[in-house]
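Enquirer: Okay, handing you the structure first.
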Amino acid sequence: MTIAPLPIAVPLIVAAALAATDFVHRRRVTNLVAIATAATVTALCAILIFRSAAGPIVYWLGAWHPRHGVALGIALAVDPLGAAMATLAALLVTATLLYSVKYFDAVSNLFQALMLVFLAAMVGFCLTGDLFNLFVFFELMSVAAYALTAYKIEERGPLQGAINFAVSNSLGGIMALIGIALAYGRTGALNLAQIGEALAQRPPDALVAVAFALIVLGFLVKAAAFPVHFWLADAHAVAPTPVCVLFSGAMVELGVYGVARVWWSCFAAPLGGDAIALRPVFVWIGVLTALVGAVMCFRQRHLKRLLAFSTVSHVGIFLLCLGALSHIGIAALAAYVLAHGLAKGALFMCVGVLIHRFAEVDELRLRGCGRRDAGLLFVGVLFAASGIVLAGAPMIGAFLGKSLGEASVEEAGFGWTVAIFVVASGLTAGAVLRAAGSIFCGWGEDEPPGVAQPQEGDVEPETLELHDRTPATMVVPPALLTVAALLVSVAPGLEDAVQHAAAQFVQTGAYADAVLHGRNTFVALPTEGLKAADFVWGALSLLLALAVSGLALFGRGLVERVPERLRRAGESALQPLEAAQSGHPGDYVAWLTAGAGALCAVIVLALR
């Protein structure tokens with residue numbers, strides 16, 4: 001008997017039970033039930049990683065098995081990469097629920113129910129083998145995320161952030177649905193493997209290219225890629241901090257995963273011959289996203305916005321890995337997402353500790369506050385260590401994913417983008433280290449160079465009062481996540497495991513054989529090892545992070561030596577980026593519409 005449906009069904013059933021009995025359960029009971037459920041889902045997903053190593057686990061709901069290669073029912077198709085993404089999401093939900101036990105002074109039991117629905121949607125998104133159900137779980141994830149963002153609905157900020165979030169992502173979902181409808185109209189199928197087989201039997205045309213472009217755009221909105229990334233910082237600024245752990249640690253990564261899934265399962269066979277033309281599209285989106293996110297990250301003093309733009313920048317790096325359109329690129333994506341998700345979860349939890357203690361999220365107003373007791377100094381160590389994880393220093397944190405990613409883009413003919421890996425990871429890690437030095441060591445000045453003023457209305461209280469101590473449940477989860485993130489690149493067997501999982505993920509024909517015909521035709525693909533140059537690039541990323549953070553904290557004299565004309569030119573160049581982050585849904589819709597039109601045109605032209 002397979003356990004594949006249980007990680008989806010169990011949290012949905014428990015969430016319904018908690019919502020139905022909200023008037024009966026006490027908060028302590030609800031917390032225990034929710035944590036136990038999320039931990040159970042984590043264990044089930046981890047088991048699926050190992051069970052699917054030899055080939056996908058295919059489960060047909062209602063026992064509606066395919067006949068003559070035609071899917072009659074709805075399938076779950078579990079491969080190691082999808083199961084690993086589901087495990088990461090479930091692990092972060094478990095850590096977040098444990099962290100939230102003492103975080104909120106007052107919270108309804110419905111919070112846990114929403115978190116479990118969010119978990120079920122993320123796991124279902126990772127495990128489904130059906131394109132329409134991919135959209136269904138996409139929307140279920142979105143609805144739960146909107147509700148969690150606006151959980152403090154009595155306040156203006158969360159409501160406005162949730163509206164921006166909902167408008168942008170709903171439009172993205174509609175575009176994805178239109179693309180799915182076009183694919184269904186051409187193939188008469190919704191099963192991912194069957195769509196891939198049907199499209200492979202005829203030459204691709206403009207309709208197939210448009211369908212692919214619309215589906216990709218829908219997922220890129222969820223991934224917060226440039227220029228449809230604006231909602232992310234607004235949502236992070238006002239959502240409860242524990243919820244931000246899931247937004248940055250799991251949800252946006254699933255947007256990139258969705259792009260990879262539909263490409264390799266459905267469109268790689270018909271459009272794979274045009275991969276050389278398609279690679280620049282993903283690469284340039286990745287470059288722009290990485291650089292815009294990195295620059296905006298370093299400009300922030302609002303800690304949650306800082307981490308949100310760091311996530312945008314890393315999404316750009318993920319897209320560079322994906323843009324290689326190779327199994328090494330997918331392996332890089334998997335390893336990088338793992339380190340990033342763990343580190344970003346720990347960082348948001350550390351920010352939550354500051355909010356819990358001081359009801360403040362502004363870096364400069366918090367300057368020196370972290371020196372008050374040993375507990376906060378320990379949180380500062382975790383904060384700085386997670387920043388180093390993001391830098392991809394040699395054999396630490398994101399180093400494995402970064403090294404494989406650099407190898408994949410070099411093999412694809414985009415070796416110059418290695419500099420983007422270094423600059424983006426260095427700037428984002430530098431911003432985190434700057435904040436750590438300012439808050440927990442009291443270093444720096446009242447107005448460090450290069451940092452913008454906070455936007456009005458960014459600071460919303462998440463707790464009812466200040467606290468003079470930090471509960472253990474708010475320190476243990478980020479500590480465990482940080483340690484795990486630090487050890488990703490040296491975990492025994494992980495390098496081979498991610499490359500084996502990626503090799504299975506990219507074999508479109510073998511995937512269709514397993515899902516529709518019950519045959520295992522997967523073959524081993526060449527693996528990539530670490531090289532001396534990888535250590536050089538990793539060291540450069542760390543040195544850049546240390547340099548820019550040191551310059552921001554201690555380098556005002558050096559900055560003032562730069563000619564005023566150049567400084568004004570730099571500020572003027574950044575003004576359009578900051579003005580675009582207006583907070584107005586209409587502006588974001590305009591950017592999304594323009595981005596949709598441009599992306600569809602570029603993809604169609606590239607594939608023709």
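Enquirer: Gap in Å between the Cα centre of segment 344-419 and the Cα centre of segment 6-29?
Expert: 34 Å
Enquirer: Computed over the Cα atoms of segment 466-568, what is the convex hull's projected area averaged over all directions, in nm²?
Expert: Numbers: hull surface 60.6 nm².
Average of the hull's projected areas for segment 466-568 equals 15.2 nm².
Enquirer: ASP373 versus LEU480, label points 7 Å from Cα toward the beta carbon: distance in nm?
Expert: 2.3 nm
Enquirer: Another one. What spacing in nm lies between the two simple spin-label points modelled at VAL29 and ALA63, each 7 Å away from Cα in the Cβ direction?
Expert: Each label point lies 7 Å from its Cα, and together they span 3.7 nm.
Enquirer: Follow-up question, since we're still on this one. Would you mind pulling out the separation of the Cα centroids of segment 518-554 and segment 41-81, in Å?
Expert: Computed from Cα coordinates, the inter-centre distance equals 32 Å.
Enquirer: If r is the Cβ-Cβ distance from ASP22 to ARG565 and R0 is 45 Å, what FRET efficiency results, to the nearest 0.05?
Expert: 0.15
Enquirer: Obtain the nm distance between the two label points defined at ASP205 and THR473 by a simple spin-label model: each point lies 7 Å from its Cα along the Cα-to-C-beta direction.
Expert: 6.0 nm
Enquirer: Computed FRET efficiency, Cβ-Cβ of VAL490 and GLU445, R0 35 Å: what is it to the nearest 0.05?
Expert: Efficiency, from the Cβ-Cβ distance: 0.40.
Enquirer: Something else about it: Say the dipole of the chain comes from +1 at the beta carbon of Lys and Arg and -1 at that of Asp and Glu; which of MET115, VAL10, LEU530 then lies farthest toward its positive end?
Expert: Going by the charge dipole, the pick is VAL10.
Enquirer: For the chain, with only Lys/Arg (+1) and Asp/Glu (-1) charged at the beta-carbon, what is the dipole magnitude about the Cα centre, in debye rounded to 20?
Expert: Using Cβ point charges on Lys, Arg, Asp and Glu, the chain gives about 320 debye.
Enquirer: If R₀ is 25 angstrom, what is the calculated FRET efficiency for the pair VAL381 and PHE535, using the beta carbon separation as r and rounding to 0.05?
Expert: In this case the efficiency is close to 0.50.
Enquirer: Hey, what did the chain get for relative contact order, percent, Cα under 8 Å, at least 6 apart?
Expert: 17 percent
Enquirer: Which entries in LYS152/LYS344; LYS152/LYS402; LYS222/LYS531; LYS102/LYS222; LYS304/LYS531 show an alpha-carbon gap greater than 28 Å?
Expert: Distance filter (> 28 Å) returns LYS152/LYS402; LYS222/LYS531; LYS102/LYS222; LYS304/LYS531.
Enquirer: Taking only DSSP H segments of four or more residues, each worth -39500 (n - 2.57), what value at 222 nm results for the chain once the sum is divided by all its residues, to the nearest 500 deg cm²/dmol?
Expert: -23000 deg cm²/dmol, from helical runs alone.
Enquirer: So who's got an amide H within less than 5 Å of the one on HIS302, skipping anything under 5 residues away but keeping other chains? H placed 1.01 Å off N, in plane.
Expert: Those qualifying (amide H under 5 Å, at least 5 residues apart or on another chain) are GLU363.
Enquirer: Would you grab the residues whose amide H sits under 5 Å from the one on ASN191? Only those 5+ places off in sequence or on another chain, please, with H modelled 1.01 Å from N.
Expert: Excluding prolines and chain starts, which carry no amide H, the hits are LEU131.
Enquirer: Identify which of the listed values of mean projected area of the Cα convex hull in nm² was calculated from the structure shown: (1) 25.3; (2) 32.9; (3) 27.7.
Expert: (1)
Enquirer: Still on this structure: Sticking to Cα atoms, compute the Rg of segment 49-160 to one decimal and its Dmax as the biggest Cα-Cα distance, whole number, in Å.
Expert: For segment 49-160, the Cα radius of gyration and maximum Cα-Cα distance read 17.4, 58 Å.
Enquirer: A further question follows. Roughly how many percent of the accessible protein surface of the chain is carbon and sulfur, given a 1.4 Å probe and a whole-percent answer?
Expert: Summing carbon and sulfur atoms, their accessible area is 67 percent of the total for the chain.
Enquirer: Right, here's the next one. Order 334-346, 219-231 from most to least packed using the mean count of other Cβ atoms within 10 Å.
Expert: Put in order of decreasing packing, that is 334-346, 219-231.
Enquirer: Right, here's the next one. Distances longer than 15 Å among the Cα atoms of segment 339-403: what percent of all pairs is that? List each step's numbers first, then the result.
Expert: On the way: 1112 of 2080 pairs.
Value for segment 339-403 (Cα pairs over 15 Å): 53 percent.
Enquirer: Which order, highest average first, do 175-184, 121-130, 290-299 follow once you tally other Cβ atoms within 10 Å for each residue and take the mean per peptide?
Expert: Those peptides, ordered most packed to least, come out 121-130, 290-299, 175-184.
Enquirer: Moving to a separate point now. Within a Cβ distance under 15 Å of ALA545, other residues only, what is the Lys/Arg minus Asp/Glu net charge?
Expert: +2
Enquirer: Determine ³J(HN,Hα), in whole Hz, for all residues of segment 579-591 in sequence, where each value follows from phi through the Karplus function 6.51 cos²θ - 1.76 cosθ + 1.60 and θ = phi - 60°; x replaces Gly and Pro.
Expert: For segment 579-591, the Karplus curve yields 5, 5, 7, 7, x, 9, x, x, 5, 5, 5, 4, 4 Hz.
Enquirer: Counting GluC sites (Glu not before Pro) as exposed when in a DSSP loop with at most 11 other beta carbons within 10 Å, what is the longest stretch of the chain free of them?
Expert: Value returned for the longest uninterrupted segment is 155-455.
The values are calculated or read from the model by the stated rules, or taken from the named source; none is laboratory data. Worth saying up front: this structure is predicted, and the values here are computed from it rather than measured. Cβ sites come from the backbone with ideal geometry, for glycine too, and all protein chains shown count toward neighbours. For accessibility, only protein heavy atoms count, side chains too; no ligands or nucleic acids. Shrake-Rupley method; radii C 1.70, N 1.55, O 1.52, S 1.80 Å.
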